[in-house]
Each structure stands twice: as structure tokens, then as C-alpha cells.
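**Q** What follows is a single structure, and I will ask about it in a moment.
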Amino acid sequence: MAAVSGSVRLQRCVVSPAGRHSASLIFLHGSGDSGQGLRKWIKQVLNQDLTFQHIKIIYPTAPPRPYTPMKGGISNVWFDRVKISNDCPEHLESIDVMCQVLTELINDEVQSGIKKNRILIGGFSMGGCMAMHVAYRNHRDVAGVFALSSFLNKTSAVYQALQKRGGELPELFQCHGTADELVLHAWGKETNSVLQSLGVSTTFHTFPGLYHELSTGTHVHVVVDRMTLYSTFIKCFHMISPDHHKSLLKQT
């Protein structure tokens, strides 16, 4: 299968707001999963869809591509990488292509009438990493970023971009489990510390005993109860948008 091109249009699983749509959340899944799979997982944990009165939730699906950690096997991943480690080069070619693809998704929301500062982007694991690339390299005027059990490589292009350009930056909310053996808690914490040193306002929340595992089907799962997940999203919204006029929790 050929590499993904920037012209691809992502499949999207959408949860519409109960009331008037005035803000959007783009939630990126982890490696090997799908937008529908992520929505289903959250629904199972919460016993209901994650919904808000005025926020549309978009769960896009990464297009299938060869994935090196699976020995070139085809998987729904946002980008390729040599291995799951923070101490190796990023595969910038595939990351940059997906930044273009996700820009089209953001542009679609803007064209529908949603201001950029009313769009929140984030994700789980690889999805959180992808969200940080999109926001801090290409869309610094989004409302905020969240990264759940995610990390950036030590020499990430995100760090390089932040070193070259100043200005206002979207706030970041991260959370990570201490028992995560796939994406180490230390990697997430280091990512947060470096971003903070480069001017990003960050919050890092640690969940003791929470871990990260891959099933035999390569789908990413987190063991977490309903209240933990719900409180994570509430903290995410409050912490990345503390100002009254920017708060995504308030309808405009």
C-alpha cells in the first residue's frame, strides 16, 4: 500500500451536540484503533456517549498505512515510526502529511461557522502526539490541546518549532498512568516539562496504578473507571480554557 497523501479525506464518527453547535472537539484515537472504536470504548466506560450541550465531538479515523513496529503490516495509524520510544527520530514525512489532512478537518469546522479558538484537539497515545504536532506547529490559535498517555520524541519537531517561533500558545492538559509499560509515565512527564520550558502553559495529571496495554488485535486500551474518565474530561476543559470568554463549557 502506498503512503498516505495529503489529499485523503478522513472517515469521521460524529456525536452532535444536544443544542446549538458553537464549539468542536477533535479526538484522535491510538494506534490500530478507529474513530468508531474510540467512541465505542468511551461509551462502554461511561455507559453513555460523551456528549455536551453545544460541543460537537469528532472522532476521525487514521487512514491505513504500513506501520514499521508491525513489520510493515497495515494499520490505522496517524504516522509511521521506527519503534515506540522517545529516543529515536520522528518520521516527519508521515507526520507532516497527516498535519495537512487534519488541517482540512479543522478548516471544515471553521467553514461551518466555528471559530478556531472554539476548537479543541487532542487524543489518546499516538493520537495525543499527533494533536500536539497539529496544534503547536500549525494551529496555535486553537482553544487548547489534550494528550492522554502520550509523549513526544526527545528531538521532536514540535520542540524545534516552539524554539523558533514565539507568540501565544494553546494550553495543554496531559494525564498519564504510573503503571504504563508501553508509553512510560516518565516520557509523558518529560514531554510536559520540555513544553513548559518552551512557553506552553501545561497541566500534568498522574493516575496512580493506571496502565496502557495492547491487545492481540493491536487496539489500544486503558483500564479506567467511569468517574476517572469523566473527571479527566471535565479537568481538561476547565484547565485548558480557564478564561470566561474562552471556556468551551460555556455556550456562546
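The values are calculated or read from the model by the stated rules, or taken from the named source; none is laboratory data. From a predicted model like this one, the values you see are computed outputs, not experimental measurements. So basically every Cβ, Gly included, is an ideal-geometry build from the backbone, and we count neighbours across all protein chains shown. Surface accessibility is based on the protein's heavy atoms, side chains included, excluding ligands, DNA and RNA. Shrake-Rupley method; radii C 1.70, N 1.55, O 1.52, S 1.80 Å.
**Q** With the Cα gyration tensor of the range 92-224 in hand, convert its eigenvalues to equivalent ellipsoid semi-axes via √(5λ) and list them largest first in whole Å.
**A** Semi-axes from the Cα gyration tensor: 24, 18, 14 Å.
**Q** Also, quick follow-up: Nearest 0.05, what FRET efficiency do Gln163 and Thr206 give at R0 = 41 Å with Cβ-Cβ as r?
**A** The pair Gln163/Thr206 has a calculated efficiency of 0.90.
**Q** Further, regarding this structure: For Arg81, what residues show an amide H to amide H distance below 5 Å, using hydrogens built from the backbone and excluding near sequence neighbours?
**A** Long-range HN contacts for Arg81: Thr68.
**Q** Moving on. Share of the range 97-185's accessible area from carbon and sulfur, percent, 1.4 Å?
**A** Ligands and nucleic acids excluded, carbon and sulfur reach 45 percent.
**Q** For Glu104, what is the net charge nearby, where nearby means another residue's Cβ is under 15 Å from its Cβ and Lys, Arg count +1, Asp, Glu -1?
**A** It works out to a net charge of 0.
**Q** Mind giving me the FRET efficiency for Ser193 and Lys71? R0 is 22 Å, r the Cβ-Cβ distance, nearest 0.05 is fine.
**A** 0.10
**Q** At a 1.4 Å probe radius, which order do Glu104, Glu190 fall into by accessible area, largest first?
**A** Result, largest first: Glu104, Glu190.
**Q** Provide Rg and Dmax in Å for the range 1-91, with only Cα atoms included in the calculation.
**A** Answer for the range 1-91, Rg first and Dmax second: 15.5, 46 Å.
**Q** Rounded to the nearest 0.05, what FRET efficiency is calculated for Leu182 and Gln111 with R0 set to 51 Å and r the Cβ-Cβ distance?
**A** Here the calculated transfer efficiency is 0.85.
**Q** Pull up all non-local amide H partners of Leu28: gap of 5 or more, or a different chain, and H-to-H distance under 5 Å with H placed in the peptide plane.
**A** Long-range HN contacts for Leu28: Gly122, Gly123, Phe124.
**Q** What's the carbon and sulfur percent of the range 1-96's accessible surface, probe 1.4 angstrom, rounded to a whole number?
**A** In the range 1-96, the share of accessible area belonging to carbon and sulfur is 49 percent.
**Q** Using all alpha carbons of the range 91-170, what is the percent of pairwise distances in each 10 Å bin, ordered from the shortest bin to the longest?
**A** That works out to 19, 54, 26, 2, in percent per bin.
**Q** Give a quick list of trypsin sites (Lys or Arg not before Pro) in the range 1-101 that DSSP marks as loop, anything other than H, G, I, E or B, with at most 10 other Cβ atoms within 10 Å.
**A** Listed in order of number, the matching sites are Arg20, Lys71, Lys83.
**Q** Sorted by accessible area with a 1.4 angstrom probe, largest first, how do Trp78, Trp187 fall?
**A** Trp187, Trp78
**Q** Here's another thing I want to ask about it. Quick one: accessible area per residue over the range 74-201, 1.4 Å probe, rounded to a whole number of Å²?
**A** Heavy-atom accessible area per residue stands at 37 Å².
**Q** Quick one: what are the phi-derived ³J(HN,Hα) couplings along the range 147-154, Karplus 6.51/-1.76/1.60 with θ = phi - 60°, whole Hz, x for glycine and proline?
**A** Computed from phi, the couplings for the range 147-154 are 9, 9, 6, 10, 7, 10, 5, 4 Hz.
**Q** How big is the charge dipole of the range 5-89 about its Cα centre, in debye rounded to the nearest 20, if each Lys and Arg gets +1 on its Cβ and each Asp and Glu gets -1 on its Cβ?
**A** So the dipole magnitude of the range 5-89 works out to roughly 180 debye.
**Q** At what distance in nm do the modelled label points of Gln36 and Gln53 sit from each other, each positioned 7 Å from its Cα along Cα→Cβ?
**A** 3.2 nm
**Q** Quick one: which residues, 5+ away or cross-chain, put their amide H under 5 Å from the amide H of Cys13? H built at 1.01 Å from N.
**A** Those qualifying (amide H under 5 Å, at least 5 residues apart or on another chain) are Tyr59, Thr61.
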